[in-house]
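Report on the structure given below.
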Amino acid sequence: MLLGLDTGPLEMAKFYEGDYEYELATDLAHDIPRLRENLKTKEYLPAVRVFADSVQRIRDLHWLPVELLYVMQAVTVARASALHRTGSDPMALLDKMTDAQEALASSIFTDMLKKIQEAPGGVFQHTWRVGNSHLKSLLQAEIEGKEPPYKIVAVEAVLAAIITASYGALETLAEDIWIAALNRHPLLAKNFMEANKDKKLDMLATFGDGLDLTHRMGSMLVKTRKVQFQTFYDFKNAYEQSVPKEIADPLFSDCSGVLLAEKVRHLIAHRGGIVDAKFKQEMGDFSGSGYDEIKVGEQLRFDGPIVALHLESCLDMGRAIILAVDEWSCTAPTN
């Protein structure tokens with residue numbers, strides 16, 4: 001049953017055995033926040049800031065279920081302790097507590113958080129360890145098939161959201177950096193226009209933006225839809241047709257990881273993650289990914305390592321775009 005609709009039986013693919021390894025989904029060493037601090041070209045700062053913020057939100061989304069589980073467990077311990085201290089049965093957690101017991105439980109909970117914050121490693125390390133352990137315990141019965149997979153479906157929804165957000169963040173960054181680069185360097189706009197002679201600007205569409213478009217060509221090309229960034233090949237072509245070859249070639253020499261992340265993201269967004277014939281055929285180009293073994297009609301499944309692979313591909317590509325374009329811009333002409 002999905003949103004009240006009977007969808008019938010749904011085959012679930014299975015990439016893995018046992019532990020979901022949920023904690024590994026965003027357990028990556030990256031320097032995206034520092035890229036913002038070390039940026040040499042101020043015109044790219046807004047794009048890098050948005051990218052860095054998006055990456056942090058992805059990690060926050062990943063951590064939230066674990067942190068909520070920890071809070072739930074801590075509240076339970078505080079309430080049981082309050083019952084015990086006031087002479088009541090500490091196991092009677094479903095019974096209504098007195099106002100005095102509620103106040104005591106709140107005080108105990110506050111003291112617990114304070115001690116955790118002062119402990120080595122801080123609140124995050126402790127809540128992550130305890131909360132993640134609790135998550136594994138909750139999922140174990142479903143993994144073993146002893147209970148319906150309600151919690152598993154919820155966890156995989158979070159993991160799927162990380163994949164879609166990761167590729168979305170990269171796509172947005174690629175567009176924003178491209179626009180800023182062409183606005184700063186008219187030569188890049190000239191390169192793009194020469195490669196796309198059929199995509200001339202409609203002067204009527206530019207009214208209201210002033211007559212001098214020298215340092216607004218990136219913005220105008222996107223505004224008038226002469227270039228789009230809706231697919232990976234859209235932004236790959238946009239870069240290859242505008243930036244110097246010494247930048248574009250290394251950026252896109254090995255982009256299989258990002259291309260795979262895009263296809264998985266599109267299947268999640270447009271097909272609810274249910275494998276269709278097109279996706280199955282496309283996965284023939286990604287032998288060994290795990291996706292090439294899935295059957296049409298099956299629901300994609302995700303665990304921590306699978307999600308980390310897609311996130312890392314998107315972060316690596318984003319990082320490479322920032323560094324390459326920023327470095328080139330330092331010495332490139334702006335007129």
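The values are calculated or read from the model by the stated rules, or taken from the named source; none is laboratory data. Predicted model only: the values in this text are computed from it and were never measured. Counting neighbours? That spans all protein chains shown, and the Cβs are built from the backbone with ideal geometry, glycine included.
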Matching entry among GLN101, GLN125, GLN73, GLN117 (being at pLDDT 80 or above and either within 32 Å of the chain's Cα centre (by Cα) or exposed (fewer than 12 other Cβ atoms within 10 Å of the Cβ) (or both)): GLN73
With respect to PHE109, is the statement that it is of a type in the set (Phe, Trp, Tyr), without any contact (Cβ under 8 Å) to a residue 40 or more places away in the chain and on the phi < 0 side of the Ramachandran plot true? yes
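Whether any residue in region 313-330 is assigned to a loop (DSSP other than H, G, I, E, B) and surrounded by fewer than 17 Cβ atoms within 10 Å (Cβ to Cβ) is what I want to check.
Yes, there is a match, as at least one residue in region 313-330 is assigned to a loop (DSSP other than H, G, I, E, B) and surrounded by fewer than 17 Cβ atoms within 10 Å (Cβ to Cβ).
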Of all residues in region 245-274 being out of contact with any Phe, Trp or Tyr (no Cβ under 9 Å at 6 or more places or on another chain) and among the acidic types (Asp, Glu), the one that is modelled with the highest pLDDT: ASP249
Residue among SER313, SER287 that is touching a residue at least 24 places away in the same chain (Cβ under 8 Å) and closer than 24 Å to GLU21 by Cβ: SER313
For region 267-283, enumerate the residues that are among the aliphatic types (A, V, I, L, M) and either touching a Cys at 6+ places or on another chain (Cβ under 9 Å) or assigned to a helix (DSSP H, G or I) (or both). LEU267, ILE268, ALA269, ALA277, MET283
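Every residue, every condition in (1) of a type outside the set (Ser, Thr, Tyr); (2) under 28 Å from ARG49 (Cα atoms); (3) in a helix (DSSP H, G or I), yes or no:
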| position | (1), (2), (3) |
| --- | --- |
| HIS126 | yes, no, yes |
| ARG129 | yes, no, yes |
| SER133 | no, no, yes |
| LEU138 | yes, no, yes |
| ALA141 | yes, no, yes |
| ILE162 | yes, yes, yes |
| GLU194 | yes, no, yes |
In region 128-160, which residues are buried (at least 16 other Cβ atoms within 10 Å of the Cβ) and more than 22 Å from VAL71 (Cα to Cα)? GLU142, ILE143, ALA160
Answer with yes or no whether ASP60 is surrounded by fewer than 14 Cβ atoms within 10 Å (Cβ to Cβ), at pLDDT below 90, out of contact with any Pro (no Cβ under 9 Å at 6 or more places or on another chain) and closer than 21 Å to GLU312 by Cβ. no
Name every residue in region 62-101 that is among the small types (Gly, Ala, Ser), out of contact with any helix residue (DSSP H, G or I) (no Cβ under 7 Å at 6 or more places or on another chain) and in a helix (DSSP H, G or I), in order of residue number. ALA80, ALA100
Selection within region 286-296 - surrounded by fewer than 19 Cβ atoms within 10 Å (Cβ to Cβ) and touching a Leu at 6+ places or on another chain (Cβ under 8 Å): PHE286, SER289
